[in-house]
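A quick write-up on the structure given underneath.
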Amino acid sequence: MKGPTITVQPMHPSSFGPVTDLYPVREDSVDGFLSRTDTATTQQKTPRSSVSNYSIYPGLETPAADPTKATDSLPAAKLNRPQRLSNGSTATMASMYSSDGVSMGTRASMGSGRRSASWGSRTSFESAESTAQWRPEYLYQRPMPIKRQAPARTSLQQNEMFAMLPGEVLGLIMSKLRDLHLRPGSESCATCWMRDVCSVSMASRKWYKSARIALYDDIQLVGADLAAHKKKYKLNQGARIRMLRRSLRANPQLAAIVRVLKVPAPEAPVKGSNVADYDDLVASLVMACPNLESLSGPTTIYDHSFKKIFHALSTRRNLKQMSWLVHPSPHQKHQRIHSRTQQLGLVMPAELMRFQETTFLNHHHNWARLETLTIHCAPGATLAPETLLTTTLKYLRSLKHLHLCNIPPNAFNDSNLLALPALQTLTLSGITGVTSNGLSAFATRSNSLSLSKLHLRHTPVTSLAALARILSNLRSLTTFSLIQPFSPVMPEEDSFTLWMMPYLASGSLKKLHWDITAHALSVNGADDILSRSIAAGGFPALRTLRVPNDPDGLFQDLCYPVERIDLHMDRFRTPETPIEMPGYSLNSSSNSSPISPTRYLFKSNSNTSLPSPRTPQSPIGGNRHPPVTNLHAARLAAQARLEAAHSRPRFTVNVIEEDGTTAETYSMAGFIGTAGSLIKYHLLSDVGSTDEKGGLVDVRDLQGDGGESLAGGREGCLGRWNTRDGFMADRKEKERWWHTERGRWTKPTL
């Protein structure tokens, strides 16, 4: 059965009569609007310019309504908003859809339907054959586009995964491999590291580029040469240096990669060879590296004569590290007999000649990027006059770390100290020309604010007040070391300030090395004042405290408690000299009577002689190490104090019965230290130093072998640490992994 058919014909707008005034109609009153309009099922064709489809906005049908002259009451932003249905429009919605027909004029006001963009311009529509078959237009959906199926991913070819990785990732992998080979305690060595890098470079072209940079950026030639190389090239030593030099000369791209170079130490001189020839060979290798930044290995003696190695280093503009070992020249030895100057109990050599000063200055002209400078004067050597070092440092505009050792007073004194540029690290070892007043004035300069590490080894610090100014004024100081045989003292007129604790204070200091070697059996005044300053909160950032000479355990009691301090092999080691190990003193506990700080004041009429730089205890020039406290003995003494404290419990626990009687009593917490302290009592030596040298790396340690030598029964690496054992390991595999026994070298750093 077919439904009724409705035919709609277009009509002229004039046939509808006058246009109904829409101003009285409210926006939310749909019923009122429908009551004032025609409810016929036909729709008139009205031009867009005269009547709007949105009849809820009054005044838009008049010709005077200009959209460019919108008033405040009719904002332009609301013209395109669809009609909002009110809460009471349910009956109106029901009348819109009747069985006889559909009103197209009210269909546009439905908020839930999708209105076509050209709906207002329609004049007629085709009648539906049946209302049951009719569906609103907003229910129709556009056909979904056909998704094209992605092509099947082909399997990755060989080495394609590594080819997709960036070079930075491969460089980090090579850096990690290097750390596994050369880290402290590793069974491998530099030769095994280079062997593995060569194997990686042959894996693919992508790996070749990263492996080549890792191999030539930091070259380490450690130990003796292979016997087959010596026989092939007919050389007693230096065969690997010649092969490396040939490779760098043939390929300038490889030569430009080299930044750090380590040459092997020369072997014992044999017939037909000398040290000068070996130095010239190293100089030729340096000339083949245009971007060289650091040269490690044997330190060549500088006696103010011409040598190829120093000329080659002076031409490297990117050099960042330089170490001088100054020896007296032949001319200077003859002059020393006629001109002797005595100051502070030391005999100083004469000044250099004019051409020697000029030659030394010319070596530093091209080192504008030099960051680390080390100068060590042997006995009888000097760099006088005092203006020579000051002028030299002016050429080094990028200098950050300066290490001076055994420079005579006529070459370095307070005036040179005050003329130093802004540094980050300063080491003064055996510099007797510097006084406490000079150090105090140096700490107040603006160039000293950037100093983060200061090491004073046997540099006379006689005043405790000067030490207080150094610690308080150097606000960036994180590491401080003081080693000397005598204790700094306070003037008698400053006795009142000792009652105001903390007297010594630093808000930035993190590591402190304190060693007063002359007082091995009793506490000295500086130790007592420093320990009381730490207990009073003068060093809030302090985390590591190393005091080898702590006879009464003052500093050990300030650190956090530990179970053991000594190492598992310390009790089986025999010290070279017997050192008394005092036990834990009860005077350092909180129950002891207070100690008057004025007993450590320096009195002019005192009969006791205090060690000073003018006494024979002061170190003099020489290659031997000055007196220090052995860390091996210090650990045993600290462990003895800790074991003695186990018998002195801190707390007592009483178990009481219900009737009030004491059933059991326990004693617990026998230890040395302060619970909750953040300071570590550190009695281990730094990398590059030993327990016999006090644990602190000195300028003299830079001349050592760094673990390269196998003398004294030291075990080296043979390259067999990762070979397979058993019947599967054939002879060819053993020969592939084997190399000449070489030591595990570690670069000493200050």
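The numbers here are math on the coordinates, done by the rules we state, and not lab data. Small disclaimer: the values here were computed from a predicted structure and weren't measured. We place every Cβ from the backbone using ideal geometry, glycine too, and count neighbours over all the protein chains shown.
Averaged over residues, the count of other Cβ atoms within 10 Å places the peptides 667-676, 188-197, 456-465, 421-430 in the sequence 456-465, 188-197, 421-430, 667-676, highest first.
In summary, region 500-539 shows an alpha-carbon radius of gyration equal to 1.22 times the 2.2 N^0.38 Å reference for compact globular proteins. Taking Cβ atoms as reference points and 12 Å as the exclusive limit, the residues near Ala419 contribute a net charge of 0, counting Lys and Arg as +1 and Asp and Glu as -1. Computed from the C-beta positions of Ala228 and Ser199, the FRET efficiency with R₀ = 22 Å rounds to 0.60.
Work out, step by step, the length gained on full extension between Ala163 and Ser284: first 0.36 nm times the residue separation, then minus their alpha carbon distance; give nm to one decimal.
Numbers: separation 121, 0.36 × 121 = 43.56 nm, distance 3.77 nm.
Going from the current span to full extension adds 39.8 nm.
Relative to its residue count, region 650-710 spans a Cα convex hull of 153 Å³ per residue. Approximating the spin labels as points 7 Å out from Cα along Cα→Cβ, the Asn437-to-Thr690 distance works out to 4.2 nm. Spin-label pair Arg246-Val562: with each label point 7 Å from Cα along the Cα-Cβ axis, the two points sit 5.3 nm from one another.
Looking at region 255-317, the trypsin sites (Lys or Arg not before Pro) that sit in a DSSP loop and have at most 14 other Cβ atoms within 10 Å of their own Cβ are Lys271, Arg317. Rounded to two decimals, the Cα-based Rg/Rh of region 491-562, with Kirkwood Rh, is 0.96.
So what is the diffusion coefficient of region 368-471 in µm² per second by Stokes-Einstein at 20 °C and 1.002 mPa s, using a Kirkwood Rh over Cα pairs?
Working: Rh = 13.8 Å.
The diffusion coefficient I find is 155 µm²/s.
The largest-to-smallest principal axis extents of the Cα set in region 188-267 are 38, 29, 22 Å.
Other residues with beta-carbon under 11 Å from the beta-carbon of Arg183 carry, at +1 per Lys or Arg and -1 per Asp or Glu, a net charge of +1.
Compared with the alpha-carbon gap, the fully stretched path from Ala541 to Ala256 is longer by 98.2 nm at 0.36 nm per residue.
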